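These notes concern the structure reproduced below.
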Amino acid sequence: MSATQSSAVLLLPLAKELDENKVTPGVLGFIVFAVIGLAVWMLMKSMTKEMKKIDFEETPEEPRGGSNGDAAAGDSGRDAAETADAERVTADKTERAD
């Protein structure tokens, strides 16, 4: 017999004294809830302490193509990639059709 079953057998006579239509979490439910709340509070406190230790400075990004010539070159590269993707999709569709 497990520990849960043996404790249930011992507590059943005590439960007959209580109103059978009223169900409450009782003291055990309060203790479990309080322990969970305390654990969450301690985890949040620890996380805050660890986050304060982090010293992170983001480096600024390099400017993207300041002149029109650079922007045009970037667009043509993007168009070539899109064209290659479209050709690959078309080839996949024709292979499936065969």
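Against the test of being surrounded by 10 or more Cβ atoms within 10 Å (Cβ to Cβ), of a type in the set (D, E, K, R) and modelled with pLDDT under 90, the options E62, E17, E87, E57 yield a single qualifying residue, E87.
Mind listing whichever residues of the range 21-54 are more than 24 Å from the chain's Cα centre (by Cα), open to solvent by 80 Å² or more (accessible area, probe 1.4 Å), among the β-branched types (V, I, T) and at pLDDT 90 or above? V27, I31, listed by residue number. With respect to L12, determine if the residue is out of contact with any Gly (no Cβ under 9 Å at 6 or more places or on another chain), assigned to a helix (DSSP H, G or I) and at pLDDT below 90. Yes, satisfied.
The values are calculated or read from the model by the stated rules, or taken from the named source; none is laboratory data. From a predicted model like this one, the values you see are computed outputs, not experimental measurements. Ideal geometry is used to build each Cβ from the backbone, glycine not excepted, and the neighbour counts take in all protein chains shown. With ligands, DNA and RNA removed, areas are computed over all heavy atoms of the protein, side chains included. Shrake-Rupley method; radii C 1.70, N 1.55, O 1.52, S 1.80 Å.
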